[in-house]
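> Would you mind keeping the following structure in view while I ask a few things?
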């Protein structure tokens, strides 16, 4: 008997047992305890998105309402409702730049049309410059690309609420909120499943546990998966603002001595800021009144360059400069929040019956806004592998089966991490390097071929998955 036929027979026996237990007990059980194919720790955009991808697959869908759900989501906080998000008059402080690949993913799982589209900012232009010279980069859509964008700015709550609403429509997921994982215990009788002790006191079995519970992941910690990397000597300060003029769908980012300051266009006349600063400056900024903080923002955006580099005169298009002065900030709209910045990677993304996705697996500097896009890429890669294994009857938690996910995700995430680190280090080089950097910026700025390719990679990364297993019905 071939290995595939053997595993398919085992899988069929398991399905028969679960059907009997559902008939008698109303839920799938193993040794008298609830049993799930997948338990997901964390109901943020990435964890909820992964659950939604599985729920769209026929291999994770119930054949009747009497059949139990095979996916369980744990979180300590109740996810927002889309109706509540729409009623909020000011934006959420947590904002993501959503790439073309991530937009395609949200469309594929059926969450796209459930978003509050009036609260989405569209980036059609992006200007990057620094305080240590006159060089700059400006990216904008060509006339043939007007229906496209350089990224969409979405609030965390808008994304989560839309995905959760889609999960409720699909009705394939059980929620345990508030609850979280207390500890793991190996099943003595069955090596293919994981026994989980929850903080509520409940015990459940799962074939696969997915940690999407952030940088300080409980799943990662309790499985003893080490993390390597470094903490930047920086904090990211975020809040929502209003400005004197409409940003006209333009994102601004200025590299300052202490770190980059970004203004991201949201809906109406709102914008979001992300200001990376050293700890001493962070402490000062957080203590300031809104009026004083507003003044610091405008000074950082508009103060003259430290070094007057004649780089503009070195380019053939010098007299056609399209540099746009940044808008003046007029109002601070909500409380400032802050978080420590880091470049971190989990030593392993997988363990027996366990996989990590999103910030639980990796963390990068936010200056290019790629964090959540990397997380969605993890969700797609893992969902594709899990659905394929489920289809052929393989154990979805087997570490050999999960190795393909780790290989794909690490290739994508390492490539992004190296790119982001290169950009960060490049803008930190002092003295004569600033002159070279400014010259290089203007050379790139006047080369449409280079800029178009940068925009293509940012929108649709060549290493990102191009197909979705949950769209296949076979």
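> Picking from 201, 214, which residue would you name as being under 24 Å from residue 34 (Cβ atoms), in a loop (DSSP other than H, G, I, E, B) and either without any contact (Cβ under 8 Å) to a residue 12 or more places away in the chain or within 21 Å of the chain's Cα centre (by Cα) (or both)?
Just one listed residue meets the conditions, 201.
> Checking the conditions here, which among 155, 130, 174, 185 is touching a residue at least 60 places away in the same chain (Cβ under 8 Å), in contact with a strand residue (DSSP E or B) (Cβ under 6 Å, 6 or more places away or on another chain) and closer than 30 Å to residue 35 by Cβ?
174
> Still on this structure, I have one more. Condition test on residue 157, is it buried (at least 19 other Cβ atoms within 10 Å of the Cβ), at pLDDT 90 or above, in contact with a helix residue (DSSP H, G or I) (Cβ under 6 Å, 6 or more places away or on another chain) and within 30 Å of residue 343 (Cβ to Cβ)?
yes
> Does residue 52 fit the bill of being modelled with pLDDT of 80 or more and assigned to a loop (DSSP other than H, G, I, E, B)?
No; evaluated as a whole, the condition is false for this residue.
> Give me the residue from segment 223-245 that is touching a residue at least 40 places away in the same chain (Cβ under 8 Å) and more than 23 Å from the chain's Cα centre (by Cα) and, out of that set, surrounded by the most Cβ atoms within 10 Å (Cβ to Cβ).
Looking at residues that are touching a residue at least 40 places away in the same chain (Cβ under 8 Å) and more than 23 Å from the chain's Cα centre (by Cα), I get 243.
> Out of all the residues in segment 112-135, is one or more surrounded by 18 or more Cβ atoms within 10 Å (Cβ to Cβ), at pLDDT 85 or above, part of a loop (DSSP other than H, G, I, E, B) and in contact with a helix residue (DSSP H, G or I) (Cβ under 6 Å, 6 or more places away or on another chain)?
So far as segment 112-135 goes, yes, one or more of its residues are surrounded by 18 or more Cβ atoms within 10 Å (Cβ to Cβ), at pLDDT 85 or above, part of a loop (DSSP other than H, G, I, E, B) and in contact with a helix residue (DSSP H, G or I) (Cβ under 6 Å, 6 or more places away or on another chain).
> Here is a follow-up. Residue 75 passes all but one of (1) more than 18 Å from residue 405 (Cβ to Cβ); (2) touching a strand residue (DSSP E or B) at 6+ places or on another chain (Cβ under 7 Å); (3) buried (at least 19 other Cβ atoms within 10 Å of the Cβ); which number fails?
Among (1) more than 18 Å from residue 405 (Cβ to Cβ); (2) touching a strand residue (DSSP E or B) at 6+ places or on another chain (Cβ under 7 Å); (3) buried (at least 19 other Cβ atoms within 10 Å of the Cβ), residue 75 violates only (2).
> With segment 374-462 as the region, which helices (runs of 4 or more DSSP H) entirely inside it contain at least 2 residues that are under 18 Å from the mean Cα position of the chain (by Cα)?
Here the list reads 399-428, 448-459.
> Does residue 285 meet the test of being under 16 Å from residue 340 (Cβ atoms), surrounded by 14 or more Cβ atoms within 10 Å (Cβ to Cβ) and in contact with a strand residue (DSSP E or B) (Cβ under 9 Å, 6 or more places away or on another chain)?
Yes.
> For segment 254-269, enumerate the residues that are surrounded by fewer than 22 Cβ atoms within 10 Å (Cβ to Cβ) and in a strand (DSSP E or B).
Residue satisfying the conditions is 254 alone.
> I would also like to ask the following. Please verify whether segment 432-452 includes one or more residues that are without any contact (Cβ under 8 Å) to a residue 24 or more places away in the chain and closer than 30 Å to residue 387 by Cα.
no
> Something else: Which numbered condition in (1) touching a residue at least 60 places away in the same chain (Cβ under 8 Å); (2) farther than 30 Å from residue 35 by Cβ is the only one that residue 77 fails?
(2)
The values are calculated or read from the model by the stated rules, or taken from the named source; none is laboratory data. Just so you know, these numbers come straight off a predicted model, no measurement behind them. Counting neighbours? That spans all protein chains shown, and the Cβs are built from the backbone with ideal geometry, glycine included.
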